[in-house]
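First comes the structure, then the notes that go with it.
The values are calculated or read from the model by the stated rules, or taken from the named source; none is laboratory data. Just so it is clear, the structure is predicted and the values come from calculations on it, not from any experiment. FYI the Cβ positions are ideal-geometry reconstructions off the backbone, even for glycines, and counts take in every protein chain you see. When the accessible area is computed, the model is the full protein with side chains, heavy atoms only, and any ligands, DNA or RNA have been set aside. Shrake-Rupley method; radii C 1.70, N 1.55, O 1.52, S 1.80 Å.
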Amino acid sequence: MRLDVVTIFPEYLEPLNVSLVGKARARGQLGVHVHDLRDWTYDRHSTVDDTPYGGGPGMVMKTEPWGEALDQILADGYESGAREPALVVPTPSGRRFTQEVALELSRKPWLIFTPARYEGIDRRVADEYATRMPVYEVSIGDYVLAGGEAAVLVITEAVARLLPGVLGNAESHRDDSFAPGAMADLLEGPVYTKPPEWRGRAIPEVLLSGHHGKIARWRRDEAFRRTARNRPDLIERCDAAAFDKKDREILSILGWEPEPDGRFWRRRADVEE
Ligand code: ADE
């Protein structure tokens with residue numbers, strides 16, 4: 001996979017040299033090219049922004065540097081054999097970046113990121129490139145960052161670990177929270193390793209039992225409990241037909257009750273944490 005990032009803070013992307021993404025680069029599984037947007041400015045101050053039409057606070061990133069940068073990066077990429085680019089625009093007004101979107105992006109051969117500062121990029125840039133390639137406007141969460149660079153790091157890491165051969169153990173992301181499959185829509189439960197006792201704290205006995213069925217059941221119960229506590233929205237989204245007897249027991253203990261039609265469970269209003 002080829003990644004291009006255009007930014008006014010190239011040094012912000014240094015973490016792409018370390019850990020999982022750095023190793024994938026070193027192994028040639030990922031080609032990363034970071035570009036300084038100001039290389040495509042021609043005035044003394046290397047201006048990349050201007051005041052917004054219609055008034056209002058803040059500044060808007062200008063069309064010309066972005067257009068020239070993207071045209072050249074596309075030309076250079078095609079020249080070196082890259083194909084099927086997709087533009088990834090991190091913005092708090094984008095669609096939510098989820099594991100599903102990460103999976104979709106991991107199947108693309110070429111991603112071009114345009115992290116913005118200030119109030120964002122002149123709309124015409126996304127509209128222009130959308131005529132030539134898929135454009136993903138994505139938000140990594142309901143909060144506003146000072147710029148999209150941190151979002152690029154988040155998205156890159158989530159995508160890179162899904163590339164074939166990047167994670168050591170091919171099964172490592174099978175049980176991820178949010179992974180499609182048996183544990184779909186449940187968070188991962190707690191995990192433990194040696195020593196068996198630490199500061200007087202033992203590990204749950206079932207994990208030492210060697211009984212695979214019991215261990216799987218315990219893991220599911222813990223995942224379910226954690227999800228009901230931390231992400232009630234995920235439980236409410238489930239079709240209750242997917243809940244087994246034990247799930248229902250846990251929900252009930254945690255203060256949930258079924259809707260009259262039995263399809264959804266709601267947290268009782270009177271329950272305190
Ligand atoms: N830029 C600023 N805030 C952001 C967010 N929450 N997600 C993606 N890009 C952003």
Scanning for something part of a helix (DSSP H, G or I), within 16 Å of the ligand (Cβ to nearest atom) and open to solvent by less than 30 Å² (accessible area, probe 1.4 Å), does segment 69-92 turn up at least one residue? no
Residue under question is Ala102, and the condition is that it be more than 29 Å from Gly58 (Cβ to Cβ), within 16 Å of the ligand (Cβ to nearest atom) and crowded, with 16+ Cβ neighbours inside 10 Å; does it hold? yes
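Any idea how many residues of segment 223-252 are open to solvent by 40 Å² or more (accessible area, probe 1.4 Å) and either among the acidic types (Asp, Glu) or touching a helix residue (DSSP H, G or I) at 6+ places or on another chain (Cβ under 9 Å) (or both)?
Here the count works out to 8.
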Scan segment 138-162 residue by residue and report those that are loosely packed, with under 15 Cβ neighbours inside 10 Å and farther than 20 Å from Val48 by Cα. Gly141, Asp142, Tyr143, Val144
With closer than 30 Å to Phe243 by Cα, touching a residue at least 60 places away in the same chain (Cβ under 8 Å) and either aliphatic (A, V, I, L, M) or in a loop (DSSP other than H, G, I, E, B) (or both) as the only criterion, which of Leu111, Leu162, Leu186 stands out? Leu162
Residue check: is Asp142 more than 9 Å from the ligand (Cβ to nearest atom) and among the charged types (D, E, K, R)? no
Kindly indicate the residue of segment 105-137 that is within 14 Å of the ligand (Cβ to nearest atom), surrounded by fewer than 19 Cβ atoms within 10 Å (Cβ to Cβ) and charged (D, E, K, R) and also nearest to Gly94 (Cα to Cα) among those meeting that condition. Glu137
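Residue under question is Gly147, and the condition is that it be modelled with pLDDT of 95 or more, in contact with a Lys or Arg (Cβ under 6 Å, 6 or more places away or on another chain) and near the ligand (Cβ under 9 Å from one of its atoms); does it hold?
On the way: modelled with pLDDT of 95 or more: yes; in contact with a Lys or Arg (Cβ under 6 Å, 6 or more places away or on another chain): yes; near the ligand (Cβ under 9 Å from one of its atoms): yes.
Against the criterion (modelled with pLDDT of 95 or more, in contact with a Lys or Arg (Cβ under 6 Å, 6 or more places away or on another chain) and near the ligand (Cβ under 9 Å from one of its atoms)), Gly147 qualifies.
Residues are listed down the side, and each one gets a yes or a no for (1) assigned to a strand (DSSP E or B); (2) buried (at least 16 other Cβ atoms within 10 Å of the Cβ):
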| residue | (1), (2) |
| --- | --- |
| Tyr12 | no, yes |
| Arg25 | no, yes |
| Val34 | yes, yes |
| Tyr53 | no, no |
Only residues in segment 193-218 that are open to solvent by 100 Å² or more (accessible area, probe 1.4 Å) count as the first member; pair them with residues that are assigned to a loop (DSSP other than H, G, I, E, B), Cβ under 8 angstrom, at least 6 apart or cross-chain, and list the lot. Glu197/Ile203; Leu208/Pro196
